[in-house]
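To start, the structure itself, in structure tokens.
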Amino acid sequence: MRVKSLQILRFAQNDSQRLMNALEGRKLGVNRLQKLRPLIVQQNLDALLVSKIENYRYLSGFTGSSGWLLISRNQAVLATDFRYTEQAKKEASQFDVIQIKGDLNDWLPELASEFRWRRLGFEADFVPFAIYHRLGKIIKSKKFNVELIPTTNLVENLRSIKEEDELRFIAKAVELTDTVFAQIKSNIKPGITEKEAAWETEKRLRENGSDGIAFDIVVASGANSALPHAKPTERTICPNEPVLIDMGAKFHGYCSDFSRTLCFGKPDKTLTKIYDIVLKAQLTAIEGMKTGMKASEADKLARDVIEQAGYGSAFGHGLGHGIGLEVHEFPALGPSSDDLLTDDMVFTIEPGIYISNWGGVRIEDVVSLQEGKATVLTRSEKAMEVIT
């Protein structure tokens, strides 16, 4: 490789470093590259550029916020800048780490040419058009014999089937949300604002060992709870109304997702009725889903319950979504999803009913498909809790 022209520095690892890092790599799953490489060959690619943060963390163990993987039949390269090279050497035991300068278009075409990669796949959803355009111009102007081939979801499909360690990390994140939910019920009460309740929830998550929050916490009371992804406001929580709480923890990078609807005081007949319908819909879906089922069929199990109760138009989102390094990943459980449910997938089951100018109810648990059926990881009580 012409190091000077590329301004690239290689980093070698001594035997002891490789041994220590390889032991850590096994914890992350050393067979992930072996799973990906046949897919690269099937796409008739010489190599694949991986740029999505969650994907390069999954494949390499590298947790930095800037980097690229280049994976071929025989090479596994991690390219990052000066800020992360030492970290990459420690975390990415399966990869040769190189230090790069500049934007992707400054170094990628020549690097691909040096490795004699003619057909270079890239993650089409995660390379900005402006960079793709500049890459194309440079390849053409300097006559590099490289063709850029768009790909989608090669790594995401692998990530949808969880390994043993991933299942443990998700279960721990779920346990954290259960723990914090039990704590905050005595701290959230009428008279405090939604923002104050959300901050108390985030603080408790971090105090109990969460890496951070999986997403912005939702605390929505009264009519605000009709907004599925409401942002906490200065509205004061009042007695006798629905209070929707949606939160998620992170453990070793893996997420949980959890929703419950509370009432402080005495619920009215509408809230009791709506809650019972949503709970029945969720339990029906959990009990009826099985390995090999289309995700749309699982969605229909819950949707039929809500539609038969006369609230079909008030359930406007899908039944759930996969969860892992991202809070939303494969599979997608919705009415038009063709994703197939498979053992060792982990996803949410979260039916809801939302009525404008009144409020909403959502109940959300994390489940894992094991031995053909759904196993609920969330342990918090599902029956409506009326807190006085």
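Within segment 308-335, track down each residue that is assigned to a loop (DSSP other than H, G, I, E, B) and touching a Pro at 6+ places or on another chain (Cβ under 9 Å).
Answer for segment 308-335, where residues must be assigned to a loop (DSSP other than H, G, I, E, B) and touching a Pro at 6+ places or on another chain (Cβ under 9 Å): Phe315, Gly316, His317, Gly318, Leu319.
Out of segment 185-195, which residues are farther than 20 Å from Ala249 by Cβ and part of a loop (DSSP other than H, G, I, E, B)?
Lys189, Pro190, Gly191, Ile192
Are there any pairs with C-beta distances below 8 angstrom linking a residue in segment 196-224 that is assigned by TED's automatic domain parsing to the domain that holds Gly359 and under 13 Å from Ala249 (Cα atoms) to a residue that is part of a loop (DSSP other than H, G, I, E, B) and of a type in the set (Ser, Thr, Tyr), with the two at least 6 apart or on different chains, and if so which?
Ala214/Ser256
Could you check segment 56-87 and list, in sequence order, the residues that are in contact with a Phe, Trp or Tyr (Cβ under 8 Å, 6 or more places away or on another chain), outside any strand (DSSP E or B) and buried (at least 16 other Cβ atoms within 10 Å of the Cβ)?
Tyr56, Ser60, Phe62, Gly64, Gly67, Tyr84, Thr85
Could you check segment 111-130 and list, in sequence order, the residues that are farther than 23 Å from Asp96 by Cβ and among the β-branched types (Val, Ile, Thr)?
Passing the criteria: none in range.
Among the residues of segment 43-59 satisfying the criterion of being more than 13 Å from Leu148 (Cα to Cα) and not aliphatic (A, V, I, L, M), which is farthest from the chain's Cα centre (by Cα)?
Filtering first and then ranking leaves Ser51.
So that you can scan it fast, the table gives a plain yes or no per residue for (1) part of a strand (DSSP E or B); (2) touching a helix residue (DSSP H, G or I) at 6+ places or on another chain (Cβ under 6 Å); (3) surrounded by fewer than 22 Cβ atoms within 10 Å (Cβ to Cβ); (4) of a type in the set (A, V, I, L, M, F, W, C):
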residue: Ile306; (1), (2), (3), (4): no, yes, no, yes
residue: Ser337; (1), (2), (3), (4): no, yes, yes, no
residue: Leu369; (1), (2), (3), (4): yes, no, no, yes
residue: Thr375; (1), (2), (3), (4): yes, no, yes, no
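With the requirement that a residue be in a helix (DSSP H, G or I) and at pLDDT 95 or above, what does segment 91-124 give you?
Within segment 91-124, Glu91 is the sole residue that qualifies.
Each row is one residue, and each column tells you yes or no for (1) closer than 26 Å to His328 by Cα; (2) modelled with pLDDT of 95 or more.
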residue: Met1; (1), (2): no, no
residue: Arg10; (1), (2): no, no
residue: Glu54; (1), (2): yes, yes
residue: Arg73; (1), (2): no, no
residue: Leu78; (1), (2): yes, yes
residue: Glu86; (1), (2): no, yes
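Given (1) touching a residue at least 40 places away in the same chain (Cβ under 8 Å); (2) of a type in the set (D, E, K, R); (3) assigned to a loop (DSSP other than H, G, I, E, B), where does Asp246 come up short, assuming only one miss?
(3)
So which of Tyr311, Tyr275 ends up being among the hydroxyl-bearing types (Ser, Thr, Tyr), closer than 26 Å to Pro239 by Cβ and touching a Ser or Thr at 6+ places or on another chain (Cβ under 8 Å)?
It is Tyr275.
How do the pairs read when you match residues in segment 144-157 that are in a strand (DSSP E or B) with residues anywhere that are surrounded by fewer than 18 Cβ atoms within 10 Å (Cβ to Cβ) and among the hydroxyl-bearing types (Ser, Thr, Tyr), using Cβ under 9 Å and keeping only pairs 6 or more apart or on different chains?
Partner pairs satisfying both residue conditions: Leu148/Tyr132; Pro150/Tyr132.
Looking only at segment 172-187, decide whether some residue is touching a helix residue (DSSP H, G or I) at 6+ places or on another chain (Cβ under 9 Å), within 27 Å of Ile40 (Cβ to Cβ) and surrounded by 14 or more Cβ atoms within 10 Å (Cβ to Cβ).
Here is the first cut: in segment 172-187, the residues touching a helix residue (DSSP H, G or I) at 6+ places or on another chain (Cβ under 9 Å) are 176-177, 179-181, 183-184, 187.
Next cut, within 27 Å of Ile40 (Cβ to Cβ) only: none.
Scanning segment 172-187 turns up no residue that is touching a helix residue (DSSP H, G or I) at 6+ places or on another chain (Cβ under 9 Å), within 27 Å of Ile40 (Cβ to Cβ) and surrounded by 14 or more Cβ atoms within 10 Å (Cβ to Cβ).
Within segment 339-366, work out how many residues are in a strand (DSSP E or B) and under 25 Å from Glu164 (Cβ atoms).
8
What is the number of the single condition among (1) crowded, with 16+ Cβ neighbours inside 10 Å; (2) of a type in the set (Val, Ile, Thr); (3) more than 20 Å from Glu326 (Cα to Cα) that Val127 does not meet?
Among (1) crowded, with 16+ Cβ neighbours inside 10 Å; (2) of a type in the set (Val, Ile, Thr); (3) more than 20 Å from Glu326 (Cα to Cα), the lone unmet condition for Val127 is (3).
Does at least one position in segment 266-277 carry a residue that is crowded, with 20+ Cβ neighbours inside 10 Å, under 27 Å from the mean Cα position of the chain (by Cα), at pLDDT 95 or above and not hydroxyl-bearing (Ser, Thr, Tyr)?
The answer is no, given that none of the residues of segment 266-277 is crowded, with 20+ Cβ neighbours inside 10 Å, under 27 Å from the mean Cα position of the chain (by Cα), at pLDDT 95 or above and not hydroxyl-bearing (Ser, Thr, Tyr).
The values are calculated or read from the model by the stated rules, or taken from the named source; none is laboratory data. Treat the numbers as computed from the prediction; the structure is a model and nothing was measured. Using ideal geometry, Cβ is built from the backbone for each residue, glycine included, and neighbour counts are taken over all protein chains shown.
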